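Heads up, the thing below is written out as structure tokens.
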Amino acid sequence: MRALGNVLWHFPFLGFLSAAVTYLLGLLLTATVIAAPIGLGVMELGKFMFVPFGRALVKKSDLVESRSKAWQTYSTVIMILYLPFGLTLSVVAALQVIGLCITVVGIPVGIVIAKSIGTYFNPVGKKCVSQAVADELERRKALAQFD
């Protein structure tokens, strides 16, 4: 089913073009150094968009805890500056999801965009992982809340 979803995402809807443009935008933002935290997150979004069914975007802090305080502070400042753009992109993406899910044919694209709304809003500190890893992280969080 995931393979069929990826095929539908790429060929009728040209998802590979969206993924390539997103990845290159992230690369450009990273090259500016000032917007590197946002660029790294946008590059992860681009990787997710290449294979959206079977992948998920998770917080890097859920995977590893070793980040320097200076990088965290810098990322926070950049994220505050990015907030108006992220909010606008998230609202536009939500409207796209609503419009796409009205038709049966647009549902696969709507699912991909819906899965990435959080990254549009806050791309800093995101990592593209397989769905199995994301499910395991959710399971561990649920166990931690249970204990």
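Overview of results
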{"quantity": "Gained length - L87 relative to L17, 0.36 nm times residue gap less alpha-carbon distance", "calculated": "22.8 nm"}
{"quantity": "For region 1-70: rounded, prolate or oblate by the Cα gyration tensor [a/c cutoff 1.5]", "calculated": "oblate"}
{"quantity": "Accessible area of the chain belonging to carbon and sulfur atoms, whole % at 1.4 Å probe", "calculated": "72 percent"}
{"quantity": "FRET efficiency for V104 and Q131, using Cβ-Cβ distance with R0 set to 25 Å, rounded to 0.05", "calculated": "0.60"}
{"quantity": "Of the DSSP H helices in the chain, those whose Cα atoms cover at least 20 Å axially and whose Kyte score averages 1.6 or more", "calculated": "15-31"}
{"quantity": "Point-charge dipole on Cβ atoms (K/R +1, D/E -1) for region 1-143, about Cα centre, debye to 20", "calculated": "240 debye"}
{"quantity": "Surface accessible to a 1.4 Å probe, per residue, for the residues of region 63-119, Å²", "calculated": "65 Å²"}
{"quantity": "The chain, helix-only ellipticity at 222 nm - DSSP H runs n ≥ 4, -39,500 (n - 2.57), divided by all residues, nearest 500", "calculated": "-23000 deg cm²/dmol"}
{"quantity": "Overall form of region 102-145 per C-alpha gyration tensor (a/c, 1.5; a/b vs b/c)", "calculated": "prolate"}
{"quantity": "Cross-link reach list, aspartates and glutamates versus K60, counting only Cα pairs under 13 Å and skipping chain neighbours closer than eight places", "calculated": "E44"}
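The values are calculated or read from the model by the stated rules, or taken from the named source; none is laboratory data. Small disclaimer: the values here were computed from a predicted structure and weren't measured. So basically every Cβ, Gly included, is an ideal-geometry build from the backbone, and we count neighbours across all protein chains shown. Remember, those area values only see protein heavy atoms, side chains included, never the ligands or the DNA or RNA. Shrake-Rupley method; radii C 1.70, N 1.55, O 1.52, S 1.80 Å.
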